[in-house]
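**Q** Starting off with a structure, shown below.
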Amino acid sequence: MSESSKYGGLTFGENKGNITIENNGTLNQGKASHSDDIINALQQLHEEIQCLSDEQRDIAEANFELLQTHIENGDKEKAKKPLEKLSTLLGVVTSILSIASFIGLKVPIK
């Protein structure tokens, strides 16, 4: 990944294992603990959310933020509910499959 990449309101940057994620003015920093695959899946999922209608996008973005927080905190069980909601809004897309696999869920998510 490049030094910094911007995706629809999210800024992902890496520097020697540290990661900085900015989401609409909220800055989160920490030690990178996830593989590039999960980071790429989150970026792809956020891009897919941007294609939804306004009402669905608002719901999806709130669930995306919850999902991202739970993954960052390592709470895979709590990540299940927002991922379920995103799956109902977006259907079975590659990014959801990747994230579900990362947190140990099967699709359909149950």
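Values in this text are rule-based calculations from the coordinates and carry no lab data. Keep in mind it's a predicted model, so treat the numbers as computed, not measured. Cβ atoms come from the backbone with ideal geometry, glycine included; neighbour counts cover every protein chain shown.
**Q** In the neighborhood of residue 103, defined by Cβ-to-Cβ distances under 11 Å, what is the net charge if each Lys or Arg adds +1 and each Asp or Glu adds -1?
**A** Surrounding charge for residue 103 is +2.
**Q** Counting Lys and Arg as +1 and Asp and Glu as -1, what is the net charge of the other residues whose Cβ lies under 11 Å from the Cβ of residue 93?
**A** -2
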